[in-house]
Structures are given as C-alpha cells and as structure tokens.
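Q: For reference, the structure I am asking about is given below.
The values are calculated or read from the model by the stated rules, or taken from the named source; none is laboratory data. As the structure is a computational prediction, the values presented were derived from the model and not from experiment. With ideal geometry, Cβ positions are generated from the backbone for all residues, glycine too; neighbour counts draw on all protein chains shown.
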Amino acid sequence: MLPSRKGLLTWLGRRRWINWIPSTTYLLLLFYIPIAMLMYYSFWRYLKLFRFEPALTLENYLRFFTSPIYTRVLLNTIFIVGVAMALLLIVGFPIAYFIARYVRSSADRIILLMLIPVEINYLIRIFAWRTILGENGILNSFLVAVGVIEKPLPIFFYNWFAIVIVTMHEWLPYVVIPLYISLRSIPRSLYEAAHDLGASRLQTFLKITLPLCKPGILTAIFIVFIPALGEFAIPALVGGKSGYMIGNMIENQLLAAGNWPLATAASVILLATSLIIVGIMVKILGMEALYR
Amino acid sequence: MSLKLENIHKFFGHITALKNVNLEVNKGELLVILGTSGSGKSTLLRIISGLEKPDKGRVLINGRDVTYEPPYNRPTSMVFQDLALFPHLNVFENIAFGLKIRKYDRREVEIRVKEVAEMLRINDLLDRSVAKISGGQRQRVALARSLVLHPDILLLDEPLGALDMKLRMDMWVELKKLQRQVANTWVFVTHDQHEAMALADKIAVINTGEIQQLGTKDEVYDSPASLFVASFIGEMNFLEGRVTEVKGDVLKVETPVGEVEATMQRVKGRPETGARVTVGIRPEKIQITKTPNDCINTLSARVSEINFSGVLTTYELELPDGSRIKIQTTSRQMGYRQGDKVYISWSPEDVNVYVTQ
C-alpha cells in the first residue's frame, strides 16, 4: 500500500537527517572528492611527459620549495595581488563612503551601474585594456600628442602593473558593495556622537568609521584575494615577463610540461597560501571583536 | 546665564523649523523642552550642541558666542535618542572615548571613568560589550560617556524613549537626583508631558517651531499661556463663549451652558465685550455637589461615567447642552451613581480664558 502524502511528510519530518542528503551529496561529489583527488595526485611520481605513477612521495613539494623560480613566482603572485587589493580598498572606500552617506536614495541604481561592466565578457574586458595601455593605445597617443614623450613607449603594458590595473577593474564592484553595506549600517548618530565627544573628522574616521567597516573590508578580501591569487588569464594576456603568476605556472605544468604531480602540488600550496593569508587577515582585523 | 538663545531661526528648504526662539537657562537648572514630534525640539537641541547651525540668531554659552563653533569646541555633551553607543567598543572604552580624544593620561582616564561609573552604578559592567547589557544599562553608559567630560551643559534628546513605563519612572527620580548631584545645566527634550513634569525646573513648550511658553512647572500648569499649552499639558475642560462684561478684575463669559466668571489675571490677551473666547478649567479644580451652592460658576449636570483608577476617580458629566466635562478627585466615596443629577462649581481664580479670533 502506498503511504498517504501526509503520512510521507510525517515520516520525513521524523527523519531530519534526510534533509542533509542532497546538499551533502552535491558538496561531496563536486567539491570534496575533487579536492581530495587533487591532493592525492600531488603525491604521485612524475616519470616523463604526461606519464606519472601512483606513489606517496613528497618530491613534488620539495621540488617546488627548493626551486628558486617557483617560490619567486609564488611571492611575486602574492605581491601583485596584494598591491591590487590595497589599491582596490583605497579606491573603493571613498566610492562606497560617498554612496552610503550622500546618495542614499538612489544608491541601488549606482551599484547597478557599477555592475554593468561585469556583465561584459571577461576576455573582451581584458583585451580592451590593450587599446588603452598598449603601444598604440590611447595613453601613448595622448602622451605623444601633448608632447610628454616623442614616440609610443611599450612600458604601460605587459608588466605586473598592467595586471594590477586590470585586476582592479575586474574586482572593483565586489570591493565597493561589501564596503557600502558596512558603511550604510553605521547610524549617522555615531558620527555625531563622536564629534560631540570631541573627535575631529579624522579622529572620527580612524576610531569609528574604519573599525566598524572591518566586516566589509574582510568580506572584500575574501571575495577578491582568493580568486585573484589563482588568476591565469590576466597575467597570460597582459602580464608579460614581470607578471608571471602561479596560475600560469600551474597551467604550464598541467598542459605544456605535462607534469600533473607538480601542478597539483603547486595548487595545494596555493590553496594553503590563500588560507594562511585569509587567516592572517582575520587575525589582524579581529572579526570576532564585532560579535563578542 | 549658562545658556542663552537669541532670535534663533532655522529653515529646511521652505519649511521653517524654528522661528524666533529665545531661551535663557541659569546654571544648574534643568530645562525640559516639551513638544510633539516635528515641533522643532530636537533641531533646537542640535543647534545648542553645534550639530546644526542656525540660519539666524546667536547661541551663547557662559556668555561666549558659540553659534558657529563645531560640536567639539563647545562645553556641551549630548545623550542621543538612540544613545549612539559605539558597538565596537566595550563599556569602559565607550565612557573613556571623550577623555582619550582629549589626550588625558591613562591613570586619569581610569580614575574618572571609575568615578562616573560608580555614580551611575555600572562599575561592574565596565568590561562588557555594549551589545550585551540591558536597555536601562545602555542608558546609563550613554549618560556616563557624556558626564565623564564634566560638560557645562548636558543635552538629552528623549533618551528614555526605549524604556518601559516602570523603568522610565525610576529613571526620572534618578536623573533628577543625578542632576542635583553634578549641578550642571541640563536641557532635556521630550514629547511626554509626564516626563516633563517629573524632571523639569523649567519647561519650554514648543509647537511648530515657536516657543509657546517658558516657565516653571507651576506657571505652565496653572496658567498655560496659550490654548495649545493648555491642551498639551495635563487635562483641561474647554467651553466656548462670548465676553459679556469686563469690569475691573472680573470678566464674564456667556457660554451655551450658563455664565462663567473669571478673574482678569488668568485672562490671556485683552478681550473686549463681544469677543469670542475659550474658557479652560482643570478637571481637579471642579467641585461636585448634590445640591446647588451659592457660588458663582455653578452649573447643573448629569453623571454619565465614573472611572476609578487607583489614586484618582474620574467623573464624566453631561451638561444640559449635551457637551461633556471631566472632573477628577482623590476621594473615592462620594456616593454618586450613573445618571444622578449633580451640581458642579469652580472658583473664578481657576478659570483660564483665551481669545479665539
């Protein structure tokens, strides 16, 4: 006999653990198992091009850390993304502050406008920068036209700073939005109270605005820092020699050099690096201070 | 003179928020600014604190013109309506905020914070988060944060709004004590007339941006300067009428229910014979009797409602023309029942007369 609908619902209701099945299965199949496989591969032994055998060796990790090139690439990556992140916060903060304090009523529309460029294809956006920063780009033409330089210089493109600029363009809305939300939730009376208690504008900013913005800053770092660390398309397209990042190295080992064990070991190291950096940020910014 | 406002005007676009406000408060006095929401009372407080600049007029504190001084250059401190405690700082750090900005050394900060915390009985909360203390305690922290700076003038913008009635009444007693103890000038804004009566040395009643009356509690209650004040503070019975006679110290008014006599000192304005006026009598100033007495101002009425609420008994009476009048008394056993015919009377000294154009 088939159970009635109601009977089935009570049966399900008593077995709460059933609710966990879909989400857990999803995460397990698409997230935890692939990561476990990735980690597992990183202990295999490389034989020759696209040939490796199962093993439990640390030689890939050793090779990564003993090679002066790979560690330098990793540090270079952290440096480039760090600079981009810092500049993003510096540029994003005034924008978010302005929207939160002065355009409250039409803030949603402004945020929407900021999001429109994000809808444009990612590769096209990267290429678009070539028309600005490239040798025949707008910047060079402008500088030649006003007579600052005599002929176009190839210095604005194909270097690490081009990565910083393109990365900033890529992620700016994702920095502004969490900062805006943080700032919006600070009642006006807090600023007024600080002024009333004797704080100047700068003191109010340092002692009230900035500390209360920590969740927004931390969220922006979470959203931007981790994916940007693993970026390979931007450095490949605009980075040049000084902009070689760990994402390029992994891609290269995976597709060209055919050394999957080394590529996966580098991925695991990148993952660990991301976690460490995020951990340090949480420690510095003291997320828990807001929820004690 | 601790605080003096001269001809303060404030406009928001086309709206006049404050119109020609003049105010004087002596040192050590507690002034309550009483008004409905939108009356301009908070704007007035913000002008005193410096958070808002007046469009016209001057603000003087201890004789010094501070009209265009920013809030951090004034010897005032404000307790905000939402308290505005800093959520990322604990109780101690909140109270110490102003002292630290003024670069007091750590020992001095600690001594002064402890002192004020003890006075407000929050000394064992100092290391707690402001999010994890009760509403009443948050109140005290906000007060402490301002009082620790020893401001010449403490400004309070409806700080008790979030508390329940019982707690508020306790706070009234405590605030009053505290104000006497610290002996500085307080300006307290509220829309609650009971709060005003409980706290004030002086009351300023404000309506649509204008001060209607500035006076002691007794002045404002016994002799309200305008119809608005009369209806806003306490309860008042109103009768419409026309002046029939002005003679020496006595004014006679013909109302639909009979003649009412008033003494001139309670008459606002200079009504002439024939002028339309409104007569106001407080419910507790009316006597109620079974038989008519010889007094002037005696009317007949019928008991329509009796309501005993603890200390007071309120009678609602119907007058011959169908209008109603309220009477309050503290005596409980008067032996009247619904429907009884009674006589009411009052003294001419208790009658307020307002000219209604």
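Q: Residues that are touching a strand residue (DSSP E or B) at 6+ places or on another chain (Cβ under 7 Å) and without any contact (Cβ under 8 Å) to a residue 12 or more places away in the chain: does the stretch A:280-291 have at least one?
A: Of the stretch A:280-291, the ones touching a strand residue (DSSP E or B) at 6+ places or on another chain (Cβ under 7 Å) are none.
Looking for residues that are touching a strand residue (DSSP E or B) at 6+ places or on another chain (Cβ under 7 Å) and without any contact (Cβ under 8 Å) to a residue 12 or more places away in the chain, one finds none in the stretch A:280-291, hence no.
Q: Please verify whether the stretch B:23-38 includes one or more residues that are within 14 Å of another protein chain (Cβ to nearest Cβ), surrounded by 15 or more Cβ atoms within 10 Å (Cβ to Cβ) and more than 30 Å from B:R128 (Cα to Cα).
A: no
Q: So, one more: Does A:D108 satisfy the condition of being farther than 26 Å from A:P235 by Cα, without any contact (Cβ under 8 Å) to a residue 24 or more places away in the chain and under 24 Å from the mean Cα position of the chain (by Cα)?
A: Yes, satisfied.
Q: Only residues that are part of a loop (DSSP other than H, G, I, E, B) and within 30 Å of B:V246 (Cα to Cα): list them for the stretch B:311-357, please.
A: Of everything in the stretch B:311-357, those that are part of a loop (DSSP other than H, G, I, E, B) and within 30 Å of B:V246 (Cα to Cα) turn out to be B:L319, B:P320, B:D321, B:G322, B:S323, B:W346, B:S347, B:V351, B:T356, B:Q357.
Q: Next question. So, in the stretch B:166-224, of the ones that are in a strand (DSSP E or B) and of a type in the set (S, T, Y), which residue ends up surrounded by the most Cβ atoms within 10 Å (Cβ to Cβ)?
A: B:T185
Q: Just wondering, is there one or more residues in the stretch B:233-249 that are touching a residue at least 60 places away in the same chain (Cβ under 8 Å), out of contact with any strand residue (DSSP E or B) (no Cβ under 7 Å at 6 or more places or on another chain) and surrounded by fewer than 13 Cβ atoms within 10 Å (Cβ to Cβ)?
A: Scanning the stretch B:233-249, I find no residue that is touching a residue at least 60 places away in the same chain (Cβ under 8 Å), out of contact with any strand residue (DSSP E or B) (no Cβ under 7 Å at 6 or more places or on another chain) and surrounded by fewer than 13 Cβ atoms within 10 Å (Cβ to Cβ), so the answer is no.
Q: Give me a count of the residues in the stretch A:3-18 that are hydrophobic (A, V, I, L, M, F, W, C) and under 44 Å from the mean Cα position of the chain (by Cα). It would help to see each step written out before you state the result.
A: Here is the first cut: in the stretch A:3-18, the ones hydrophobic (A, V, I, L, M, F, W, C) are A:8-9, A:11-12, A:17-18.
Now restrict to residues that are under 44 Å from the mean Cα position of the chain (by Cα): A:9, A:12, A:17-18.
So the count comes out to 4.
Q: Could I ask something else about it? Got a number for residues in the stretch B:102-129 being surrounded by 15 or more Cβ atoms within 10 Å (Cβ to Cβ) and touching a residue at least 24 places away in the same chain (Cβ under 8 Å)?
A: Of the residues in the stretch B:102-129, 11 are surrounded by 15 or more Cβ atoms within 10 Å (Cβ to Cβ) and touching a residue at least 24 places away in the same chain (Cβ under 8 Å).
Q: Could you count how many residues in the stretch B:279-306 are among the basic types (K, R) and assigned to a strand (DSSP E or B)? Give the derivation first.
A: At the first step, the residues of the stretch B:279-306 found to be among the basic types (K, R) are B:282, B:285, B:290, B:302.
Imposing the further condition that a residue be assigned to a strand (DSSP E or B) reduces the set to B:302.
Residues in the stretch B:279-306 being among the basic types (K, R) and assigned to a strand (DSSP E or B): 1 in total.
Q: Continuing with this model, one more query. Which residue out of B:A84, B:A144 is assigned to a helix (DSSP H, G or I) and in contact (Cβ under 8 Å) with a residue 24 or more places away in the chain? Break it down stepwise before answering.
A: Numbers: B:A84 fails: assigned to a helix (DSSP H, G or I).
Checking each option against the conditions leaves just B:A144.
Q: Something else now. When the residues of the stretch B:309-341 are filtered to those that are hydrophobic (A, V, I, L, M, F, W, C) and farther than 21 Å from B:G234 by Cα, which remaining residue is surrounded by the fewest Cβ atoms within 10 Å (Cβ to Cβ)?
A: Of everything passing the filter in the stretch B:309-341, B:M334 is surrounded by the fewest Cβ atoms within 10 Å (Cβ to Cβ).
Q: If you don't mind, another one. Answer yes if at least one residue in the stretch B:131-139 is basic (K, R) and more than 12 Å from chain A (Cβ to nearest Cβ), and no otherwise. Please lay out each step first, then the result.
A: The initial filter retains those residues of the stretch B:131-139 that are basic (K, R), namely B:132, B:138.
From what's left, more than 12 Å from chain A (Cβ to nearest Cβ): B:138.
Yes: one or more hits.
Q: A:L115 passes all but one of (1) within 14 Å of A:L179 (Cβ to Cβ); (2) surrounded by fewer than 18 Cβ atoms within 10 Å (Cβ to Cβ); which number fails?
A: Only one criterion in (1) within 14 Å of A:L179 (Cβ to Cβ); (2) surrounded by fewer than 18 Cβ atoms within 10 Å (Cβ to Cβ) is unmet by A:L115, namely (1).
Q: Right, something else. Looking only at residues in the stretch B:107-130 that are outside any helix (DSSP H, G or I) and of a type outside the set (V, I, T), which one is nearest to B:K177 (Cα to Cα)?
A: Among those that are outside any helix (DSSP H, G or I) and of a type outside the set (V, I, T), it is B:L120.
Q: When you check B:E254 against the structure, is it of a type in the set (D, E), surrounded by 16 or more Cβ atoms within 10 Å (Cβ to Cβ) and in a strand (DSSP E or B), yes or no? Reasoning before the result, please.
A: Values: of a type in the set (D, E): yes; surrounded by 16 or more Cβ atoms within 10 Å (Cβ to Cβ): no; in a strand (DSSP E or B): yes.
Here the answer is no, as B:E254 does not meet what is asked.
Q: Based on what the data block shows, is B:E93 in the same structural domain as B:Q179 (by TED's automatic domain parsing), of a type outside the set (F, W, Y), out of contact with any Pro (no Cβ under 8 Å at 6 or more places or on another chain) and outside any helix (DSSP H, G or I)?
A: On the way: in the same structural domain as B:Q179 (by TED's automatic domain parsing): yes; of a type outside the set (F, W, Y): yes; out of contact with any Pro (no Cβ under 8 Å at 6 or more places or on another chain): yes; outside any helix (DSSP H, G or I): no.
Considered against the rule, which asks whether it is in the same structural domain as B:Q179 (by TED's automatic domain parsing), of a type outside the set (F, W, Y), out of contact with any Pro (no Cβ under 8 Å at 6 or more places or on another chain) and outside any helix (DSSP H, G or I), B:E93 comes out as no.
Q: I need a count of the residues in the stretch B:151-202 that are more than 21 Å from A:S189 (Cβ to Cβ) and touching a Leu at 6+ places or on another chain (Cβ under 7 Å).
A: 12
Q: Do we find that A:L9 is closer than 24 Å to A:I226 by Cα and surrounded by 10 or more Cβ atoms within 10 Å (Cβ to Cβ) in this structure?
A: no
Q: Could you tell me which of the residues B:P75, B:P70 is touching a residue at least 24 places away in the same chain (Cβ under 8 Å), within 14 Å of chain A (Cβ to nearest Cβ) and either within 17 Å of B:L147 (Cβ to Cβ) or out of contact with any strand residue (DSSP E or B) (no Cβ under 7 Å at 6 or more places or on another chain) (or both)? Break it down stepwise before answering.
A: Values: B:P70 fails: touching a residue at least 24 places away in the same chain (Cβ under 8 Å).
When all the criteria are applied, what remains is B:P75.
Q: Something else: Is it true that some residue in the stretch A:245-254 is in contact with a strand residue (DSSP E or B) (Cβ under 6 Å, 6 or more places away or on another chain) and either on the phi > 0 side of the Ramachandran plot or not hydrophobic (A, V, I, L, M, F, W, C) (or both)?
A: No, because not a single residue in the stretch A:245-254 is in contact with a strand residue (DSSP E or B) (Cβ under 6 Å, 6 or more places away or on another chain) and either on the phi > 0 side of the Ramachandran plot or not hydrophobic (A, V, I, L, M, F, W, C) (or both).
Q: Also, quick follow-up: I need the full set of residues from the stretch A:88-135 which are among the charged types (D, E, K, R) and closer than 29 Å to A:P154 by Cβ, in order please.
A: A:R125, A:R130, A:E135
Q: Using the structure shown, decide if A:A193 is buried (at least 19 other Cβ atoms within 10 Å of the Cβ), of a type outside the set (D, E), modelled with pLDDT of 90 or more and under 30 Å from B:A131 (Cα atoms).
A: yes
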